[in-house]
Amino acid sequence: MRDDEKFEIVRALDQLPHVAGSSFATVWFRMNRNRNPTKEEFRSKVVEYFKAACDALETFPDTDEFISIKRYIRHRAVREIDDITAGHNREIEKRYKRYLDYG
């Protein structure tokens, strides 16, 4: 697969962890009046919402044209989840701190 064929998916997967995952997690904690979730709780909730957002990417058809992009999406999603869980996604860590400071 050429880079230009996956450009938009790469951009989406760069943004989904913090735009969908972290934003939705923040709303969840606010609505549940939890102003001090642990990092692990926050990361876990981010992963939950990130996975839900990734489900939309599974709607590409199971045809020969889409096999490589779907394989890339699955591999990249696993990598993102590992990074979030391990605390290596700087944007998620920044949003966690911001939530604690301004919740």
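The values are calculated or read from the model by the stated rules, or taken from the named source; none is laboratory data. What you see is a predicted model; the values in this text were computed from it and never measured. Here Cβ is always computed from backbone atoms with ideal geometry, including for glycine, and neighbour counts include all displayed protein chains. In case anyone asks, the SASA skips ligands and DNA or RNA and just uses the protein heavy atoms, side chains included. Shrake-Rupley method; radii C 1.70, N 1.55, O 1.52, S 1.80 Å.
Please determine, by comparing only the residues of segment 61-101 that are of a type in the set (A, V, I, L, M, F, W, C) and open to solvent by 70 Å² or more (accessible area, probe 1.4 Å), which one is nearest to D14 (Cα to Cα).
Applying the filter and picking the extreme gives V78.
List every residue pair whose Cβ atoms lie under 7 Å apart, where the two residues are 6 or more positions apart in sequence or sit on different chains, the first residue falls within segment 11-24 and is touching a residue at least 24 places away in the same chain (Cβ under 8 Å) and among the small types (G, A, S), and the second residue, located anywhere, is open to solvent by 40 Å² or more (accessible area, probe 1.4 Å) and assigned to a helix (DSSP H, G or I).
Hits for this filter: A20/Y49; G21/Y49; S22/R95.
Can you give me the number of residues within segment 21-56 that are under 17 Å from K97 (Cα atoms) and not β-branched (V, I, T)?
20
Residue pairs, Cβ under 6 Å, 6 or more apart or interchain, first in segment 25-52 and of a type in the set (G, A, S), second in a helix (DSSP H, G or I). List them.
Within 6 Å, the pairs are A25/K45; A25/V46; A25/Y49.
Of the residues that sit in segment 41-60 and are within 28 Å of F29 (Cα to Cα) and of a type in the set (V, I, T), which one is least open to solvent (accessible area, probe 1.4 Å)?
Among residues in segment 41-60 that are within 28 Å of F29 (Cα to Cα) and of a type in the set (V, I, T), the one least open to solvent (accessible area, probe 1.4 Å) is V46.
Taking the condition in contact with a Ser or Thr (Cβ under 9 Å, 6 or more places away or on another chain), more than 16 Å from Q15 (Cα to Cα) and charged (D, E, K, R), does E40 pass?
yes
Out of (1) exposed (fewer than 15 other Cβ atoms within 10 Å of the Cβ); (2) modelled with pLDDT of 95 or more, the odd one out for D3 is which?
That leaves (2) as the condition not met.
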